[in-house]
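Down below is the structure, laid out as structure tokens.
The values are calculated or read from the model by the stated rules, or taken from the named source; none is laboratory data. Just so we're clear, the structure is a prediction, and the values are computed from it rather than from any experiment. Virtual Cβ from ideal backbone geometry, glycine too; neighbours counted across all protein chains shown.
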Amino acid sequence: MEELDFSDLLACYSDKGRTGFNPIMLYVVVTYANMHGVRAVDRMIDLCQRDLAFIWLTKGQKPKRDAFMILKGKI
């Protein structure tokens, strides 16, 4: 993941308003979930709260459904 170019993804996000979740972290969570056959956003949210691998990927943050929905249109 470190070698990927996320400039287009980051360009879609504004620095105005309240601080949101890191879009790269959300992309990594979605990618990791898809690699394990998880496609449902609600399941990803649950895993981010209960599964150690997802907790490590999110660095303990607990993204909500709307964070993933915003990302959906970007990837």
- Per the filter on region 1-45, residues within 19 Å of Arg65 (Cβ to Cβ) and among the hydroxyl-bearing types (Ser, Thr, Tyr) are Tyr13, Thr19, Tyr27, Thr31, Tyr32
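One line per residue, one yes/no per condition, for (1) touching an Asp or Glu at 6+ places or on another chain (Cβ under 6 Å); (2) assigned to a loop (DSSP other than H, G, I, E, B); (3) modelled with pLDDT under 95:
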{"residue": "Met1", "(1), (2), (3)": "no, yes, yes"}
{"residue": "Leu4", "(1), (2), (3)": "no, yes, yes"}
{"residue": "Leu9", "(1), (2), (3)": "no, no, yes"}
{"residue": "Tyr13", "(1), (2), (3)": "no, yes, yes"}
{"residue": "Thr19", "(1), (2), (3)": "no, yes, yes"}
{"residue": "Ile24", "(1), (2), (3)": "no, no, yes"}
{"residue": "Val28", "(1), (2), (3)": "no, no, yes"}
{"residue": "Tyr32", "(1), (2), (3)": "no, no, no"}
{"residue": "Val38", "(1), (2), (3)": "no, yes, no"}
- For region 1-13, pairs from a residue that is at negative phi to a residue that is in a loop (DSSP other than H, G, I, E, B), with Cβ under 8 Å and 6 or more apart or across chains, are Leu9/Lys74; Leu9/Ile75; Cys12/Lys74; Tyr13/Gly20
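I want to confirm something. Restricting to region 47-75 and keeping residues that are among the β-branched types (Val, Ile, Thr) and more than 10 Å from Val29 (Cβ to Cβ), which single residue is modelled with the lowest pLDDT?
Restricting attention to region 47-75, the residues satisfying the condition of being among the β-branched types (Val, Ile, Thr) are 55, 58, 70, 75.
If we keep only those that are more than 10 Å from Val29 (Cβ to Cβ) too, we end up with 55, 70, 75.
On the way: Ile55: 97, Ile70: 67, Ile75: 55.
For region 47-75, the residue satisfying everything is Ile75.
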